[in-house]
Structures are given as structure tokens and as C-alpha cells.
Amino acid sequence: MKAQELYKQGFDLARQGQYKESVELLTQAINLNPSFPEAHMVRANAQTLLGNLQGAVEDFQKAIDIYRARGQSQIADMLLVRLNSLQNEIKDEQENKGQPEIEDEPEGK
């Protein structure tokens, strides 16, 4: 199967909310054509929804790199906003790990 066909199927699965299956097909498409920025973008979105933020960051970065190499900096800049947002989300999660939850004051005090 061609990368474009796998991408289309993966895209359709993502639209249906079948993110795990989508990631699997998009990974196959990317393995066939590593310079397929749309496949990286859709897989990044699916990985975000599955909670794999680091994988999503890597996919967005790869798509950005491909678009910049092609001289499509406007698309790359739009993706950079999403990438920065994800990186901030990861940073916030890491900062909040290990901190004890604040308990409410017991009633009557």
C-alpha cells in the first residue's frame, strides 16, 4: 500500500476517534515516506489525544522541519504555535509532579 493511501485511512480513523489505529496506519505511511509532513501532523494530533505528548512534540517538530526545508514557513510557523503549546503543557505537568495535593481545611476549623 502507498503512503498516501495509508495516510488517507489514518486520517479517516482519526476523524472517527480511533486514534490508536490511526497512529498505527500513519506510522506505516511515515515509514514509507518520512518526508510526509501531513502524516506527521495528523499523527501528532492523534498522539496528543492519546496522551502521548512527547510523541506529538516529535511529530510536530518533524513536520515543521519538513515545511521549512520546502520553503513553506507560514505553515511551519502555524505548527510552531501548537508545538510551543504542547511543550508548555509537558513542562507544567513535570513541574506539578511530585508536589503534594493541597487538602481542604477540615470542617469546623
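Summary table below
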read-out: Spatially proximal aspartates and glutamates relative to LYS97 (Cα-Cα < 16 Å; intrachain offsets below 8 disregarded); value: GLU89
read-out: Eligible lysines near LYS62 by straight Cα distance, threshold 21 Å, same-chain separation 8 or greater; value: LYS2, LYS8, LYS20, LYS91
read-out: Given charges at beta-carbon only (K, R positive; D, E negative), |dipole| of the chain in Debye; value: 820 debye
read-out: Degrees, to the nearest 10: 3-15 long Cα axis against longest axis of the chain; value: 30 degrees
read-out: In degrees, nearest ten, helix 73-96 long axis to first principal axis of the chain (Cα); value: 30 degrees
read-out: Spatial separation of Cα centroids for segment 42-103 and segment 16-38, in angstrom; value: 17 Å
read-out: Neighbour-count order for LEU13, LEU80, fewest beta carbons within 10 angstrom listed first; value: LEU80, LEU13
read-out: Gyration tensor verdict on segment 3-90 (Cα atoms; rounded if a/c is under 1.5, prolate if a/b is larger than b/c, oblate otherwise); value: oblate
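Readers should treat all values here as calculations from the given coordinates under stated rules, not as data from a laboratory. Note that the structure is a prediction, hence the values are computed from the model and not measured. We place every Cβ from the backbone using ideal geometry, glycine too, and count neighbours over all the protein chains shown.
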